[in-house]
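Written below as structure tokens is the structure these notes are about.
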Amino acid sequence: SVELTVGEGVVLAEAFASSDCKSLQEVVLWMNTVGPYHNRQETYNHYHETLGEALQGVELEFSGLDIKFKDDVMQTTYCEIDLDKGRRDAFVYAIKNHYWYQMYIDDLPIWGIVGEADENGEDYYLWTYKKLEIGYNGNRIVDVNLTSEGKVKLVPNTKIQMSYSVKWKKSDVKFEDRFDKYLDPSFFQHRIHWFSIFNSFMMVIFLVGLVSMILMRTLRKDYARYSKEEEMDDMDRDLGDEYGWKQVHGDVFRPSSHPLIFSSLIGSGCQIFAVSLIVIVVAMIEDLYTERGSMLSTAIFVYAATSPVNGYFGGSLYARQGGRRWIKQMFIGAFLIPAMVCGTAFFINFIAIYYHASRAIPFGTMVAVCCICFFVILPLNLVGTILGRNLSGQPNFPCRVNAVPRPIPEKKWFMEPAVIVCLGGILPFGSIFIEMYFIFTSFWAYKIYYVYGFMMLVLVILCIVTVCVTIVCTYFLLNAEDYRWQWTSFLSAASTAIYVYMYSFYYYFFKTKMYGLFQTSFYFGYMAVFSTALGIMCGAIGYMGTSAFVRKIYTNVKID
């Protein structure tokens with residue numbers, strides 16, 4: 001059939017991956033999807049084994065080709081196509097749009113293209129002969145290569161024979177190293193990558209030094225000033241005026257506006273950070289890139305398992321802020337991220353169904369995800385919320401909160417919370433934007449991301465930069481006698497997401513050749529989800545660090 005032929009290039013060949021093979025044991029060639037090269041996500045059908053594969057549109061189908069371990073196959077015809085006008089037009093469309101195909105044998109991927117056009121773009125040719133060369137080491141498959149030959153011109157009302165051959169050869173590649181050929185060290189370990197890490201590290205040193213100066217010099221002088229022990233010097237006048245942050249000690253621990261939403265965001269951000277940390281560590285240890293859908297499956301499992309983190313931090317913060325509708329807060333905290341992800345996926349699913357793309361999530365998979373939300377995430381979030389409310393839900397602020405809020409005085413425009421929020425995300429984004437390029441390229445192009453050590457280092461740098469920036473922003477805000485630091489610290493760190501999303505526009509238009517409604521909606525939909533999740537995580541990190549800073553300075557200051 002035409003579907004079989006076009007999808008050949010999409011073959012996902014797998015053969016008893018983790019077990020030894022015996023001579024003449026069947027090696028299964030699975031077909032997966034076919035689609036335009038420049039629209040990686042726009043793939044079309046051709047069984048998934050895991051939840052991650054189902055969500056990523058991996059649809060395996062047995063190719064029917066007869067392949068046995070160590071058994072060479074001479075050129076054999078497996079299909080004959082009667083090329084009528086409709087079928088020819090389908091092939092021409094596929095060739096014009098650079099349709100690619102992928103095959104797996106023993107979980108090893110193979111890529112190829114359906115055909116090619118001549119220089120003038122008038123004649124189109126189909127590759128009809130697939131030569132498979134399979135390397136083995138002992139009783140295990142360690143290497144697979146595909147060569148496409150037999151270029152046949154597409155002429156209506158002719159017959160085209162599709163054939164294949166299999167050649168087995170002994171290889172010295174170790175089984176545990178068989179995925180190394182798919183990696184690209186020259187790309188991921190390029191000097192620009194190392195330079196970006198060094199640049200971010202220097203930024204960390206600068207910001208840590210700045211915060212240390214504030215803590216060790218300015219605050220110490222402030223304590224002395226308020227105790228009338230000594231005079232301020234010029235540096236102190238620059239960093240804090242005559243009135244300063246001490247004047248708002250009676251309002252600084254006032255509950256934030258909209259505490260229910262705020263607490264839910266903080267809890268969700270802490271959970272996203274925990275998930276990111278655990279998944280990166282697991283990826284460093286287990287080499288998740290070697291298994292289809294394993295990264296997404298691991299992330300879903302870890303997200304569900306870390307739901308108590310969300311409940312604990314969100315529930316305890318809501319209790320400390322005097323919130324009474326804790327059950328509502330628990331539900332919002334539990335379903336905030338899943339609802340955002342599922343809502344986006346549901347919208348894109350309609351477009352995928354319209355295009356008959358394999359990215360359309362099956363109904364059974366959607367039911368499985370909903371069951372995880374209601375029967376795993378929600379109960380575990382409830383456990384975390386109860387623990388958080390009982391263990392750290394009592395307000396223990398170092399300063400008493402005034403009954404009447406203090407008026408916020410006039411201040412310069414650049415000290416307004418809105419301006420601080422817009423500027424706060426620039427440095428955190430600057431510390432990660434090079435890594436964003438490598439992550440985007442691995443997801444939206446054809447690179448396999450494997451340098452999770454870099455990712456861990458960048459995550460640590462991002463956390464340090466975010467905390468330092470929000471502490472500095474909060475200190476200047478409090479010095480302006482504006483005690484609205486909770487939302488300001490969260491949003492100034494979360495604004496990193498805005499810059500990441502803006503960068504995604506640049507990447508789309510200048511670094512990819514994507515086109516069409518499906519790929520555009522898929523790209524910008526999931527980039528919005530990624531950016532929002534990153535923003536919530538950064539916001540929670542910024543707030544948690546700033547909260548510790550605020551508590552520290554108001555614990556030590558002498559209150560008259």
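The values are calculated or read from the model by the stated rules, or taken from the named source; none is laboratory data. Keep in mind it's a predicted model, so treat the numbers as computed, not measured. Glycine also receives a Cβ, built like all others from the backbone with ideal geometry; neighbour counts cover every protein chain displayed. Note: areas computed on protein heavy atoms with side chains; ligands, DNA, RNA excluded. Shrake-Rupley method; radii C 1.70, N 1.55, O 1.52, S 1.80 Å.
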Note to self: Let me spell it out: the conditions are (1) open to solvent by less than 30 Å² (accessible area, probe 1.4 Å); (2) under 17 Å from the mean Cα position of the chain (by Cα); (3) modelled with pLDDT of 95 or more, and Met502 meets all of them except one. Which number is the exception?
What the structure shows: (1)
Item checked: Unmet criterion (only one of (1) at pLDDT below 90; (2) open to solvent by less than 10 Å² (accessible area, probe 1.4 Å)) for Val401 -> (2)
Note to self: Looking at Ile420, Ile386, Ile426, Ile432 in this structure, which one is within 18 Å of Met202 (Cα to Cα) and over 16 Å from the mean Cα position of the chain (by Cα)?
What the structure shows: Ile426
Note to self: crowded, with 18+ Cβ neighbours inside 10 Å, of a type in the set (Phe, Trp, Tyr) and assigned to a strand (DSSP E or B): which single residue out of Tyr125, Tyr129, Tyr78, Tyr136 fits that description?
What the structure shows: Tyr136
Next item on the list: Sort through Gly267, Gly315, Gly293 and tell me the only one that's in contact with a helix residue (DSSP H, G or I) (Cβ under 6 Å, 6 or more places away or on another chain), outside the structural domain of Ala540 (by the TED database), open to solvent by less than 30 Å² (accessible area, probe 1.4 Å) and at positive phi.
Entry: Gly293
Check: Residue check: is Asp222 over 34 Å from the mean Cα position of the chain (by Cα), buried (at least 17 other Cβ atoms within 10 Å of the Cβ) and either modelled with pLDDT under 95 or not polar (S, T, N, Q) (or both)?
Finding: yes
Margin query: Condition first: modelled with pLDDT of 90 or more, part of a helix (DSSP H, G or I) and open to solvent by 10 Å² or more (accessible area, probe 1.4 Å). Now tell me which residues in segment 244-264 satisfy that.
Written below: Pro259, Leu260, Ile261
Next item on the list: List the number of the failed condition for Gly384; all other conditions in (1) assigned to a helix (DSSP H, G or I); (2) open to solvent by 40 Å² or more (accessible area, probe 1.4 Å); (3) more than 30 Å from Val34 (Cα to Cα) hold.
Entry: (2)
Next item on the list: Go through segment 435-471 and give me each residue that's open to solvent by less than 20 Å² (accessible area, probe 1.4 Å) and more than 20 Å from the chain's Cα centre (by Cα).
Entry: Cys468, Val469, Thr470, Ile471
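Restricting attention to segment 47-89, which residues are closer than 30 Å to Phe509 by Cα and either touching a helix residue (DSSP H, G or I) at 6+ places or on another chain (Cβ under 6 Å) or modelled with pLDDT under 85 (or both)?
Initial filter on segment 47-89 (closer than 30 Å to Phe509 by Cα): 52-59, 89.
Selection gives Gly52, Glu53, Ala54, Leu55, Gln56, Gly57, Val58, Glu59.
Given the criterion farther than 30 Å from Glu416 by Cα and either in contact with a Lys or Arg (Cβ under 9 Å, 6 or more places away or on another chain) or not assigned by the TED database to the domain that holds Val421 (or both), identify the matching residue among Phe518, Phe510.
Working: Phe510 fails: either in contact with a Lys or Arg (Cβ under 9 Å, 6 or more places away or on another chain) or not assigned by the TED database to the domain that holds Val421 (or both).
Just a single option satisfies the conditions, and that option is Phe518.
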Next item on the list: Spot the failing condition for Phe331; the list is (1) surrounded by fewer than 20 Cβ atoms within 10 Å (Cβ to Cβ); (2) under 22 Å from the mean Cα position of the chain (by Cα), and only one is missed.
Entry: (2)
